[in-house]
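All remarks here apply to the structure that follows.
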Amino acid sequence: GVSEVLSGAGCETPLMILGLPDQHVEQGDPAEVLAHCGLDAAGICRSVQHRQPLRSVASRSGA
């Protein structure tokens, strides 16, 4: 997949892979299933923030 191609090309940019778990997921409304698995907008934001906590403007500017 894409991650293998990037790795093979020597790309060192961090990559976060999100997807459905390798276990049974209750069926239902697609929006509810995605939310349950953390794959809705809010869940994706949480995953990104957990991996890369937001820094304050002062810390980004070096002040």
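Quick notes
- When the stretch 2-42 is filtered for residues that are part of a loop (DSSP other than H, G, I, E, B), small (Gly, Ala, Ser) and surrounded by 10 or more Cβ atoms within 10 Å (Cβ to Cβ), only Gly38 remains.
- Selected residue (criterion: farthest from the chain's Cα centre (by Cα)) from residues of the stretch 14-63 that are of a type in the set (D, E, K, R) and modelled with pLDDT under 90: Arg60
The values are calculated or read from the model by the stated rules, or taken from the named source; none is laboratory data. All of these numbers come straight from a predicted model, not from anything done at the bench. Ideal geometry is used to build each Cβ from the backbone, glycine not excepted, and the neighbour counts take in all protein chains shown.
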